[in-house]
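*Asks:* If you scroll down you'll find the structure; I have some questions about it.
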Amino acid sequence: MTNEQLSSTNAMVNMDTLGLAPTEIWISHSDKRLVSALLSVAAQLRIPVTGVNVEQVGSSDAEQFAQRKIPRITIHSLTQDTWNARILHTSKDRISQIKLDDYYQTYHLLAAYISYLDQFTAGPDWSDRH
């Protein structure tokens, strides 16, 4: 990213491995403010969201943003069951593995969340990256 792009980026929402199960957050690799905002929107929509840290699985595209001090959140659907099923990066990694109800629920949540973030991250608290 150019310096101009970096300075105009308030947050990064990483969506990875959606639709295998209900919505999860990689809490330990996500900005607390972004997590709090997602949980708030989820509560308003009555959509369950839990934290599943996936350090043992690998990395995500969001890590490069963290290095640049851009707040980030990773939203996924990887659970112990989906991991044990050995779906990711195997011949089972097909669209037929997606649970459409879970995928739609995550889509519904993310649509509201991104809309909320458009307003939330525009405030002065987001201009100072720590």
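*Asks:* Is it true that Thr50 is β-branched (Val, Ile, Thr) and in contact with a strand residue (DSSP E or B) (Cβ under 7 Å, 6 or more places away or on another chain)? Lay out the reasoning, then the answer.
*Replies:* Values: β-branched (Val, Ile, Thr): yes; in contact with a strand residue (DSSP E or B) (Cβ under 7 Å, 6 or more places away or on another chain): yes.
For Thr50, the condition - β-branched (Val, Ile, Thr) and in contact with a strand residue (DSSP E or B) (Cβ under 7 Å, 6 or more places away or on another chain) - is met.
*Asks:* Given the structure, is Leu34 closer than 24 Å to Gln119 by Cα, out of contact with any Gly (no Cβ under 9 Å at 6 or more places or on another chain) and surrounded by fewer than 19 Cβ atoms within 10 Å (Cβ to Cβ)?
*Replies:* Numbers: closer than 24 Å to Gln119 by Cα: yes; out of contact with any Gly (no Cβ under 9 Å at 6 or more places or on another chain): yes; surrounded by fewer than 19 Cβ atoms within 10 Å (Cβ to Cβ): no.
Considered against the rule, which asks whether it is closer than 24 Å to Gln119 by Cα, out of contact with any Gly (no Cβ under 9 Å at 6 or more places or on another chain) and surrounded by fewer than 19 Cβ atoms within 10 Å (Cβ to Cβ), Leu34 comes out as no.
*Asks:* Further question: Taking Ser91 as the residue in question, decide whether it is part of a loop (DSSP other than H, G, I, E, B) and of a type outside the set (Lys, Arg).
*Replies:* When the stated conditions are applied, Ser91 passes them.
*Asks:* Separate question: For Arg46, all conditions in the list (1) within 27 Å of Tyr116 (Cβ to Cβ); (2) touching a residue at least 24 places away in the same chain (Cβ under 8 Å) hold save one; what is the number of the exception?
*Replies:* Status for Arg46: all satisfied but (2).
*Asks:* While we're on this one: Which of the following residues is closer than 25 Å to Asp93 by Cβ, modelled with pLDDT of 90 or more and among the acidic types (Asp, Glu): Glu24, Glu55?
*Replies:* Within the list Glu24, Glu55, the selection yields Glu24.
The values are calculated or read from the model by the stated rules, or taken from the named source; none is laboratory data. In this text, all values refer to a predicted model and were calculated from it rather than measured experimentally. Note that we place each Cβ from the backbone using ideal geometry, even for glycine, and neighbour counts take in every protein chain shown.
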